[in-house]
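**Q** Would you mind keeping the following structure in view while I ask a few things?
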Amino acid sequence: MIWSRSAILRSVISDLFRVKMDPPLVTIYFLGCLSYYNLYVRCIIRNIVRDWAAEGKKECDQCYKPILEELDGLFPNRSKDRPPSCLVPGAGLGRLALEISCLGFISQGNEFSYYMMICSSFILNNAQIAEQWTIYPWIHSNCNSLSDNDQLRPVLIPDIHQASFLRANHANIVESIQT
């Protein structure tokens, strides 16, 4: 389980070097994860479950469906030749921007947190298939666990293959790093 998380983090860090980014996360993981930053990493892992795992679909739908329905209602006759644009401030892990893009909008996610941008970029650009990676998001917390099995439960991410999802909906997504 720990190896699985470690393998994913090594893949994320390798991807950072490929795209020549040098955010603080690289330094943190090479020097050893400090407890202060460990909280951010745990939070992002829980957000990954919400946005990119089947286990988080209910919560994700509660957050994103009202926005998607409102956009669909405001722009019912979208043109494929000149689709409307939509900026997603605080895009987090990019799932909402992806969903908006699949509605026929030009969607651009904007995120301030390097941690979120790193994970978003990794998931959107590196997943080759749905459920490619296994994470154990609750391994460091025994809160609300009825048994050890709850705490050690694996979660497969991403729940969809984003490239296939975009192709099926004839959509594009633009990532942006704003500093």
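Readers should treat all values here as calculations from the given coordinates under stated rules, not as data from a laboratory. A quick note: this is a predicted structure, and the numbers were derived from the prediction, not measured. As a convention, Cβ positions derive from the backbone with ideal geometry for all residues, glycine included, and neighbour counts pool all protein chains shown.
**Q** From the phi angles alone, apply the Karplus equation (6.51, -1.76, 1.60; θ = phi - 60°) to region 160-165 and give each ³J(HN,Hα) in whole Hz, x where the residue is Gly or Pro.
**A** Using θ = phi - 60°, the values come out as 10, 8, 4, 5, 5, 4 Hz.
**Q** A follow-up question, please. May I ask you to evaluate 6.51 cos²θ - 1.76 cosθ + 1.60, the Karplus curve with θ = phi - 60°, for each residue of region 112-123 and list the ³J(HN,Hα) values in order in whole Hz, giving x for glycine and proline?
**A** 8, 6, 4, 4, 5, 4, 4, 5, 4, 4, 4, 5
**Q** Here's a follow-up. Using label points projected 7 Å from each Cα along Cα→Cβ, tell me how many nm separate residue 78 and residue 146, to one decimal.
**A** 4.1 nm
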